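The values are calculated or read from the model by the stated rules, or taken from the named source; none is laboratory data. What you are looking at is a predicted structure, and each value in this text was computed from that prediction instead of being measured. Methodologically, a virtual Cβ is constructed for each residue, glycine included, from the backbone with ideal geometry; neighbour enumeration extends over all protein chains shown. Side chains included, ligands, DNA and RNA excluded: accessible areas come from the protein's heavy atoms. Shrake-Rupley method; radii C 1.70, N 1.55, O 1.52, S 1.80 Å.
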Amino acid sequence: MQANITGGGSVETTPFGVTAQGSPIERWRLGNGAGLSVAILTYGGIVQSVEVPDRDGKRANVALGFATLEPYLERHPHFGTITGRYANRIAGASFMLDGERYALAANDGRNSLHGGPEGFGRRVWVARAADGGDAGVTLGYDSADGEEGFPGRLAVEVIYRLTADNELRIDYHATTDRPTVVNLTNHTYFNLAGEGAGSILDHELQIHATRLAPVDATLIPTGELRAVAGGPFDFTRPTAIGARIRDASEQQLRFGRGYDHNWVLDKPTPNTLALAARVHEPGSGRTMEVHTTEPGLQFYAGNFLDGTPVGTSGRAYRQSDAFCLETQHFPDSPNRPSFPSTVLRPGEVYRTTTIHRFATDRA
């Protein structure tokens, strides 16, 4: 099915295979008519591809992923997925809420990561064309009470939408029938030189954050919020990702095998949409800005890519072949009362927005 959208955008829907349980999966290809196109899967809400032009107008896919459904059905490092019910880690795979302890599915040592082994990135979502004049798709998923150990039935909507300004906008909405915790994000791996192009260590990154949440050896925050000034986590000015990533004197880099940490965004007004980060790839001239309403940003430099996954280009993905900028509330917030709360109660609506804005350095 293909539909043209007012303003030059387009939406095309095609079959993308069938799960082992017999559920058909669709691919929704969105185009804005101005050079940006994005493919979304109903399996995991996965961003399969993001095609954008370079400074010479040559388009390339800048998102890591697979050409067929089968590799997504196997265990993979969350390529492009909607991660939830709780993105990032919860210590000890448990938390207290209103005096009751909830035990979660552990899938990262003794911790819970990205909602557990069968999190939102491994679920089949229901898709429909998004309302409004832009090319978009609305995905819906009902997470049952007790799924992966989380309390409450959670009704989730995630809306992917392209704008005429070469933006990929993601809006997250959720409601619950019991008190629960929620932290949703998208886990797309980017390489602005092109998927399969090799290392991203020459990409120049700027993060609008002067503090970091340090972690222990299992990548659980210690509770401290540490100033980054002058050290290898200081990206307040544009800096090559690889400039300090191998600083052996920095324990935090050894814990994460590189960057895999939550930056505390400098936001004078909470919950407002603001610039969080900007990345520039010198060879192609491509840039990506990330704007978000969230208080935190997990910057991950692809440290655990091991050469096993083979992507849409037919090339293997190795360490530092991509980066993620995951907008979020802080890891382990349910166990850290000093962190911004992730509790959602009946009658409340969870709402967050993240925008990826693509451009080039062409004058």
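So for the pair Asp361, Thr68, with labels modelled 7 Å out along Cα→Cβ, what separation do we get in nm?
So the label points at Asp361 and Thr68 sit 3.9 nm apart.
Run the quick spin-label model on Asp216 and Thr308: label points 7 Å from Cα toward the beta carbon, then report their separation in nm to one decimal.
Placing both labels 7 Å beyond Cα along the Cβ direction yields 2.6 nm.
Relative contact order of segment 1-143: what whole-number percent is it, with Cα pairs under 8 angstrom and at least 6 residues apart?
20 percent
Leaving out ligands and nucleic acids, and using a 1.4 Å probe, what accessible area per residue does segment 76-117 come to in Å²?
33 Å²
For Ser249 and Thr269, what is the calculated FRET efficiency with R₀ set at 22 Å and r taken between the beta-carbons, to the nearest 0.05?
Efficiency for this residue pair is about 0.05.
Give, rounded to the nearest 20 debye, the magnitude of the charge dipole that the chain has about its Cα centre when Lys and Arg contribute +1 at Cβ and Asp and Glu contribute -1 at Cβ.
280 debye
How large a share of the accessible area of segment 7-154, in percent, is made up of carbon and sulfur atoms when the probe is 1.4 Å and the other protein chains stay in place?
The nonpolar share, carbon plus sulfur, comes to 49 percent.
Work out the P(r) tail for segment 47-194: percent of alpha carbon pairs separated by more than 29 Å, whole number.
Of all Cα-Cα distances in segment 47-194, 23 percent exceed 29 Å.
Could you give the C-alpha radius of gyration of segment 197-272 expressed as a fraction of 2.2 N^0.38 Å, taking N as the number of residues it contains?
In units of the globular-protein estimate, segment 197-272 measures up at 1.13.
Per the Kirkwood treatment, what hydrodynamic radius in Å, one decimal, follows for segment 113-270 from the mean inverse distance over all distinct Cα pairs?
After inverting the mean inverse Cα-Cα distance, the result is 18.7 Å.
Counting heavy atoms of the protein chains only and a 1.4 Å probe, report the per residue accessible area for segment 205-306 as a whole number of Å².
40 Å²
Near Thr185, within a Cβ-to-Cβ distance under 12 Å, what is the net charge of the other residues, with Lys and Arg +1 and Asp and Glu -1?
Its environment carries a net charge of -1.
What distance in nm separates the simple spin-label points at Arg345 and Ala227, each placed 7 Å from Cα in the Cβ direction?
3.7 nm
Order 98-105, 70-77, 333-340, 197-204 from most to least packed using the mean count of other Cβ atoms within 10 Å.
Ranked from most to least packed, the peptides come out as 197-204, 333-340, 70-77, 98-105.
Starting from the coordinates of the alpha-carbon atoms of the chain, obtain the Kirkwood hydrodynamic radius over all distinct pairs and give the value in Å to one decimal.
Kirkwood hydrodynamic radius for the chain: 20.5 Å.
In the neighborhood of Ala209, defined by Cβ-to-Cβ distances under 13 Å, what is the net charge if each Lys or Arg adds +1 and each Asp or Glu adds -1?
Result for the neighbourhood of Ala209: +2.
Go through segment 325-337 residue by residue and turn each phi into a ³J(HN,Hα) via Karplus (6.51, -1.76, 1.60, θ = phi - 60°); whole Hz please, and just put x for glycine and proline.
10, 9, 6, 5, 7, 6, x, 6, 4, x, 9, 10, x
Where Lys and Arg each count +1 and Asp and Glu each count -1, what net charge lies around Ala274 among other residues with Cβ under 15 Å from its Cβ?
0
Please give the calculated 222 nm ellipticity per residue for the chain, where each DSSP H segment of at least 4 residues contributes -39500 (n - 2.57) and the sum is spread over every residue; nearest 500 deg cm²/dmol?
Value at 222 nm, helices only, nearest 500: -500 deg cm²/dmol.
Over all distinct Cα pairs, what is the inverse of the mean 1/r for segment 118-178, reported as the Kirkwood hydrodynamic radius in Å?
Kirkwood radius, segment 118-178: 12.7 Å.
Run the accessible area of segment 171-257 with a 1.4 Å probe and give the carbon-and-sulfur part as a rounded percent.
Looking at segment 171-257 in its full context, I get 48 percent from C and S.
Placing unit charges on C-beta atoms (Lys and Arg positive, Asp and Glu negative, everything else neutral), compute the dipole magnitude of segment 265-316 about its Cα centre in debye, rounded to 20.
Roughly 120 debye for segment 265-316.
For the chain, what relative contact order do you get, as a whole percent, if you take Cα pairs closer than 8 Å and at least 6 residues apart?
About 17 percent, as a whole number.
Ranked highest first by the average count of other Cβ atoms within 10 Å around their residues, in what order do 78-84, 318-324 fall?
78-84, 318-324
Any chance you could run the full-extension gain for Ser23 through Arg257? It's 0.36 nm times the residue separation minus the Cα-Cα distance, nm to one decimal.
Full-extension gain reported as 80.5 nm.
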